[in-house]
Structure formats: C-alpha cells, structure tokens
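Visitor: Handing you a structure now.
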Amino acid sequence: MTKKFLFLLLLICSSCSSVYRFSIDIQEPALITLPVSAQNVLILNNTVIQPENYGIERTYNGQSIRPDYPFSLDSTVWSAIDEIAAVLDESNFFNAIAIYRKPLRTDTEWLTVTELSPEIQSDFYDVEDYNALLVIDRLLFSVNENVTKIQTGSFTSEPTAFVDIRTEGVITCSMYSYGNEKPLTTFTITDSLYAKSTIINDSIVLFKGIPEYMLDELSRMLGNQAAIRFTPTWKTSERQFFVSYNPRMQEATGYAADRQWAIAESIWIAELEKKTKPADKAKIAFNLAIANEMRDKFAPALEWAQKAKEYLKNANLKNDHQEIELTDKYLLELARRIQNNRLLDLQWGKE
C-alpha cells in the first residue's frame with residue numbers, strides 16, 4: 001500500500017549506468033496481529049504501585065539525601081495509559097478506545113503480574129460492548145539522581161546546582177479478547193531517559209519536580225511503544241530505476257517522475273523488445289518491476305524482478321556489479337513487502 005510519493009532526483013553516474021532515486025511511504029503491519037473482532041478496546045490498570053523509596057537513589061554533594069522530598073508514582077501508570085489510548089485512537093485502526101479509570105488490584109504484591117479472571121473479563125465485556133481488553137500489568141522504575149552544588153563567586157549570584165539524573169522503566173502489558181480466557185499476548189518493554197543540566201538550587205525542584213517530570217515522560221514513552229505494537233505503521237523506503245541517454249528512456253523517466261507509471265511501463269516494454277544485450281534487458285526489466293510495484297501489482301513486479309536477475313546471470317557480470325547489488329536488494333525488499341501486505345490484509349480484515 002503506497003501512501004504517497006516524495007521524489008528526490010539523484011543521478012548516480014558510473015561507468016555503466018545512472019539511477020533515478022525516489023522515496024515512498026509504505027504501510028507495515030502491526031507487530032501483534034489481533035482478531036478482526038477486537039475492535040472496541042478497553043484499557044485497564046492492573047498494576048500495584050511500587051514503594052516510593054524502592055529503586056530510588058538520590059544524592060546531594062555526594063551524600064544521600066533524607067527522605068524529606070518524596071515524589072509520587074501514583075500518576076505514572078495513568079500517563080502511560082493516556083498515551084496508549086491516544087495512539088490507538090489516532091491510528092483509526094479500532095472502532096472505539098476507552099479507559100477504565102479505577103485500578104483493579106488492591107493487594108501490595110507490586111512485583112507480581114496477575115492475569116484477569118474469566119469473571120472479571122466478563123464484567124468488562126458486558127459493559128459498552130467491549131471485545132478487547134488491553135491491560136497494564138506492571139510499571140516499575142529506577143531513578144538515580146546526583147546533584148552537585150555549584151559555588152558562585154558573587155553574593156548576588158543566584159545559587160545553582162548541576163543535576164545528573166537517569167531514569168529507567170519497565171512496562172508489562174497483556175491483551176485479551178472476547179472468547180479467550182488467556183491473554184492473546186503478554187510482553188514487556190524497557191526504556192530509559194536521562195538528563196544533565198545546571199538549574200536553580202531549589203530542593204523541591206531538584207528532588208521532586210525534575211524526577212516526577214522525567215518519570216511522566218518515560219511513562220508516556222513506554223505507553224507509546226506498547227500501543228504501536230497493535231497498529232500498522234508507515235515507513236519511508238527508497239526505490240530507484242535505471243535511466244539512460246536514449247530519448248525514449250528519458251521520456252519514460254519523465255513519465256515515471258510524474259507518477260504516470262502505466263505510460264512509463266509501455267515505453268519500457270517497447271524498449272525491452274529492441275535490446276539484445278542481457279545487461280540492457282536486465283535494467284529495463286528492473287524498471288518494469290518498479291512500475292508494477294508502484295501500482296500495487298506485486299505479482300508481476302516480482303516476476304519482472306526475477307527476470308532482471310536472470311538477465312544479469314546471462315550477462316556474466318562481476319558479483320559486486322551495481323545492477324546485481326540493486327537487484328538482489330530489491331528482490332528481498334519486494335518479497336518482504338508482499339509478505340507484509342498479506343499480513344496487513346489479515347489485520348484490516350480483507351481476507
């Protein structure tokens with residue numbers, strides 16, 4: 001599925017050929033394939049907040065600070081959930097996204113991941129016709145913050161400090177769907193965020209404001225990474241075709257640059273019939289593969305790419321020749337795109 005074209009003209013001259021390069025946006029399937037019926041998703045908080053002092057190390061001028069400046073971890077899971085909901089909603093891949101705003105667990109086993117019982121699942125499936133439950137099972141952090149007071153040379157200078165802070169986080173999520181008691185998938189993501197800066201020497205800012213801000217940002221990063229596992233994404237990829245000083249080939253290049261691939265294809269087919277050298281035929285066959293791919297005609301695109309490979313074998317070129325490298329790379333990319341499109345059709349419910 002080609003979303004749009006952004007053509008960047010770049011002629012790379014070599015002893016044997018020139019190449020016209022351009023970029024396309026290609027949709028890639030979600031990392032996790034859900035049942036097509038999983039359209040109304042409810043996001044649940046099944047975590048237990050970790051103790052405030054666990055994994056938290058903070059020093060001031062090399063000395064551990066007293067626990068006089070605790071910062072809250074209560075909101076971090078909701079930041080992650082809000083990010084997940086926003087990403088899923090903006091993807092237009094689901095019919096409805098909602099958040100259940102109450103935590104499910106009341107125990108204190110914050111390291112433990114617990115599955116939802118069939119009874120709890122049924123309760124949510126019966127509310128507003130939800131058919132998928134995305135559950136945050138665990139969200140944990142570590143914080144290492146070192147603050148050093150900066151000596152100033154003037155009594156009127158505002159006191160400052162150098163802060164060096166690193167935060168690490170881990171999120172575990174599960175996806176359930178109606179009719180399946182066990183999770184369809186459970187996965188864990190880790191990430192980190194760090195900063196170094198000179199700021200005002202204010203203890204509330206240093207030991208509460210900054211850590212809480214960092215943890216909020218890290219929570220949203222983890223939530224974003226969790227959400228995009230369930231949605232198709234867009235990727236920019238490079239393509240190229242061969243050009244020459246032949247007037248008809250230049251004409252075909254103009255049509256291709258104007259996205260008139262059918263006209264370019266007709267010219268290349270006519271030129272292919274005139275060629276006798278396998279190397280020349282290989283270049284035009286490669287171009288015909290591109291012309292078909294750009295119109296989502298993947299079966300003929302693969303056939304033309306394979307023909308280009310055969311022509312190159314008959315040309316007896318060196319293994320490191322430009323045409324061989326480009327053709328081998330394109331065959332791999334085209335095969336991967338064909339496979340991805342089959343999975344996309346499955347995820348979008350087209351098969």
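Visitor: Pairs needed: first member in the stretch 273-298, touching a residue at least 40 places away in the same chain (Cβ under 8 Å) and surrounded by fewer than 24 Cβ atoms within 10 Å (Cβ to Cβ); second member anywhere, in a helix (DSSP H, G or I) and hydrophobic (A, V, I, L, M, F, W, C); C-beta distance under 7 Å; at least 6 residues apart or different chains.
Guide: These pairs meet every condition: A279/A315; M294/W261; F298/I338.
Visitor: Restricting to the stretch 53-102, what's the tally of residues that are in a loop (DSSP other than H, G, I, E, B), more than 32 Å from the chain's Cα centre (by Cα) and not charged (D, E, K, R)? It would help to see each step written out before you state the result.
Guide: Looking only at the stretch 53-102, we keep the residues that are in a loop (DSSP other than H, G, I, E, B), and these are 53-55, 61-62, 65-75, 91-95, 100-102.
Still in the running and more than 32 Å from the chain's Cα centre (by Cα): 53, 61-62, 65-70.
Those still in the list that are not charged (D, E, K, R) too: 53, 61-62, 65, 67, 69-70.
Qualifying residue count, the stretch 53-102: 7.
Visitor: Right, another one. Only one residue in L104, L44 is crowded, with 16+ Cβ neighbours inside 10 Å, closer than 20 Å to R220 by Cβ and of a type in the set (A, V, I, L, M). Which one? So that I can check it myself, show each step before the final result.
Guide: Values: L104 fails: closer than 20 Å to R220 by Cβ.
Being crowded, with 16+ Cβ neighbours inside 10 Å, closer than 20 Å to R220 by Cβ and of a type in the set (A, V, I, L, M) holds for just one of L104, L44, which is L44.
Visitor: Keeping to the stretch 123-139, report how many residues are at pLDDT 90 or above and farther than 23 Å from I32 by Cα.
Guide: The qualifying residues number 1.
Visitor: Now for a separate question. Condition check: in a strand (DSSP E or B), under 22 Å from N46 (Cβ atoms) and charged (D, E, K, R). Does E168 satisfy that? Spell out the reasoning first.
Guide: Details: in a strand (DSSP E or B): yes; under 22 Å from N46 (Cβ atoms): yes; charged (D, E, K, R): yes.
When the stated conditions are applied, E168 passes them.
Visitor: Could you say which residue among Y213, Y178, Y130, Y194 is of a type in the set (F, W, Y) and touching a Lys or Arg at 6+ places or on another chain (Cβ under 7 Å)?
Guide: Details: Y213 fails: touching a Lys or Arg at 6+ places or on another chain (Cβ under 7 Å); Y178 fails: touching a Lys or Arg at 6+ places or on another chain (Cβ under 7 Å); Y130 fails: touching a Lys or Arg at 6+ places or on another chain (Cβ under 7 Å).
From the options Y213, Y178, Y130, Y194, the qualifying one is Y194.
Visitor: Among (1) within 31 Å of the chain's Cα centre (by Cα); (2) assigned to a helix (DSSP H, G or I), which single condition is I284 missing?
Guide: Every listed condition holds for I284 apart from (1).
Visitor: I'd like the residue in the stretch 171-189 that is part of a strand (DSSP E or B), of a type in the set (A, V, I, L, M, F, W, C) and in contact (Cβ under 8 Å) with a residue 40 or more places away in the chain and, out of all such residues, is farthest from S37 (Cα to Cα).
Guide: I171
Visitor: Please state which one of A305, A252, A262 is more than 34 Å from the chain's Cα centre (by Cα), over 30 Å from R229 (Cα atoms) and in contact (Cβ under 8 Å) with a residue 24 or more places away in the chain. Break it down into steps so the answer makes sense when it comes.
Guide: On the way: A305 fails: more than 34 Å from the chain's Cα centre (by Cα); A262 fails: more than 34 Å from the chain's Cα centre (by Cα).
Going through A305, A252, A262 in turn, the sole match is A252.
Visitor: So F241 ticks every box in (1) buried (at least 20 other Cβ atoms within 10 Å of the Cβ); (2) in a helix (DSSP H, G or I) but one. Which box is left unticked?
Guide: (2)
Visitor: Please count how many residues of the stretch 115-156 are in a loop (DSSP other than H, G, I, E, B), of a type in the set (S, T, Y) and surrounded by fewer than 16 Cβ atoms within 10 Å (Cβ to Cβ). Working first, answer last.
Guide: Taking the stretch 115-156 and keeping what is in a loop (DSSP other than H, G, I, E, B), we get 115-117, 126-131, 151-156.
In the following step, the residues that additionally are of a type in the set (S, T, Y) were identified as 117, 130, 152, 154, 156.
Filter once more, so that each one left must be surrounded by fewer than 16 Cβ atoms within 10 Å (Cβ to Cβ): 117, 152, 154, 156.
Of the residues in the stretch 115-156, 4 are in a loop (DSSP other than H, G, I, E, B), of a type in the set (S, T, Y) and surrounded by fewer than 16 Cβ atoms within 10 Å (Cβ to Cβ).
Visitor: Report the residue count in the stretch 192-229 for those that are more than 14 Å from N144 (Cβ to Cβ) and in a strand (DSSP E or B).
Guide: Residues in the stretch 192-229 being more than 14 Å from N144 (Cβ to Cβ) and in a strand (DSSP E or B): 4 in total.
The values are calculated or read from the model by the stated rules, or taken from the named source; none is laboratory data. As the structure is a prediction and not an experimental result, all values here were calculated from the model. Virtual Cβ from ideal backbone geometry, glycine too; neighbours counted across all protein chains shown.
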